[in-house]
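*Asks:* Please see the structure below; I have some questions.
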Amino acid sequence: MADRSAIEWTDATWNPIRARHKRTGKVGWHCEHATTGCIFCYAERRNKWIGTGLDFKPGHRQHIDLFLDEQMLTQPLRWKTPRRIFVGSMTDLFADFVPDAWLDKIFAVMALAPQHTFQVLTKRPARMRRYLTNADQNEAARAGIRSPGFTVNQRIQALLADYVKLGKFQVNGFGPVYKEDWERAKPYLRPLPLPNVWLGTSAERQPEADERIPELLATPSAIRFVSIEPLLDWIDLGEHVHAFACHDCFNGRTRTSGHFFDEQCPACAGSGIEKPRLDWVIVGLESGPKARIIHPDCVRSLRDQCAAAGVAFFFKQWGEHVPIPLRDNHQIKRSKFYLNDRGFPFHQVEDYALVRVGKKAAGRKLDGVEHNEFPRVSA
């Protein structure tokens with residue numbers, strides 16, 4: 001938990017899902033690599049430094065006890081000043097080791113704190129969609145199988161009702177919650193999606209973008225965003241940033257030649273109803289001792305795609321390497337960072353020199369401009 005986060009696009013982080021090392025008793029976090037973008041994970045480095053000391057690998061599940069930190073769970077209720085809060089910055093809320101019951105409690109707390117904006121980011125948007133749309137129960141019903149339980153809305157509403165009944169006492173393992181929290185939140189409560197919860201997914205290359213973004217767009221949300229960090233290759237967001245139908249329109253999605261083709265549902269066909277699109281794109285290059293390099297025009301391409309589609313664009317960082325056009329050799333020679341740690345002046349990528357200067361010195365300016373756009377939300 002950090003009330004003042006160094007992450008440029010948020011104000012605070014909130015990590016109620018924790019892990020305790022069975023042998024040492026050290027408390028930290030747990031996650032598991034999903035794709036190549038996880039190779040140099042900052043959260044994993046931090047966990048090895050001040051957490052359990054373990055890598056983020058499935059094999060380490062046997063060495064830890066995962067738990068929902070009850071005191072940390074209700075922390076946002078004690079923050080009265082509005083904040084943007086990054087949920088699960090040290091793990092993935094929708095990994096398969098996180099049970100639905102924990103997600104129910106996390107969403108219930110977000111419902112009770114309408115003064116905040118919660119930013120939920122996952123590399124597993126398919127699980128997020130299934131959880132928030134009750135997909136498992138809907139599929140069972142279509143197959144003629146009796147519904148196995150309550151919907152996510154019903155479960156969260158039941159948890160919130162317990163708050164009212166018990167007031168300041170412990171509520172189903174939540175921690176102390178006060179009546180005024182409920183009274184403040186009650187006018188805002190409604191069926192999911194919650195108006196103060198933004199849902200996002202990560203994508204570092206085109207295959208991840210094509211696989212994950214349609215799952216995100218098929219998930220009900222007040223705001224949908226994609227975090228392209230670390231950016232590792234050219235990405236064409238294409239139709240994902242252009243308004244083009246209700247969530248049911250994605251049910252017939254098929255993959256052909258690497259592209260998605262969407263069929264409108266009967267209710268939307270010919271009605272002119274727009275399909276959901278991305279509201280926000282965050283881009284950042286890799287930092288850390290083994291940061292990978294990429295052509296700077298990959299960043300410019302995403303900036304221009306967002307500008308053309310009217311989508312908010314946030315450039316987070318250049319990472320370890322600052323790009324300098326080779327025609328500006330005098331800038332490279334004058335730089336106090338002329339030699340990198342291996343004695344080479346720079347990495348050359350076509351007509352650019354990527355000079356290793358470190359994240360702070362590389363900065364966040366793209367063609368001399370800082371891009372700090374956030375999505376527009378209704379009052």
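The values are calculated or read from the model by the stated rules, or taken from the named source; none is laboratory data. Here the structure is a predicted model, which is why all the values come from computation and not from measurement. When we count neighbours, we look across all protein chains shown, and the Cβ atoms used for this are built from the backbone with ideal geometry, even at glycine. The accessibility values were calculated without ligands, DNA or RNA, using every heavy atom of the protein model including side chains. Shrake-Rupley method; radii C 1.70, N 1.55, O 1.52, S 1.80 Å.
*Asks:* Restricting to region 61-82, name every residue that is open to solvent by less than 40 Å² (accessible area, probe 1.4 Å) and not acidic (Asp, Glu).
*Replies:* Result: Ile64, Leu68, Met72, Leu73, Thr74, Pro76, Leu77, Trp79.
*Asks:* Return yes when Lys123 is farther than 20 Å from Lys26 by Cα and not small (Gly, Ala, Ser) and no when it is not.
*Replies:* It is true that Lys123 is farther than 20 Å from Lys26 by Cα and not small (Gly, Ala, Ser).
*Asks:* Can we say Thr74 is of a type in the set (Val, Ile, Thr), touching a Pro at 6+ places or on another chain (Cβ under 8 Å) and under 24 Å from Leu159 (Cβ atoms)?
*Replies:* yes
*Asks:* So, one more: For residues that are buried (at least 16 other Cβ atoms within 10 Å of the Cβ) and charged (D, E, K, R), scanning just region 27-54, find the one that is nearest to Asp92 (Cα to Cα).
*Replies:* Out of the qualifying residues, it is Glu32.
*Asks:* I'm trying to understand the selection: among the residues of region 113-144, which are modelled with pLDDT of 90 or more, crowded, with 19+ Cβ neighbours inside 10 Å and among the hydrophobic types (A, V, I, L, M, F, W, C)?
*Replies:* The answer is Phe118, Val120, Leu121, Met128, Leu132.
*Asks:* Test Met110 against the criterion of being in a helix (DSSP H, G or I) and modelled with pLDDT of 95 or more, and give yes or no.
*Replies:* So Met110 fails the test.
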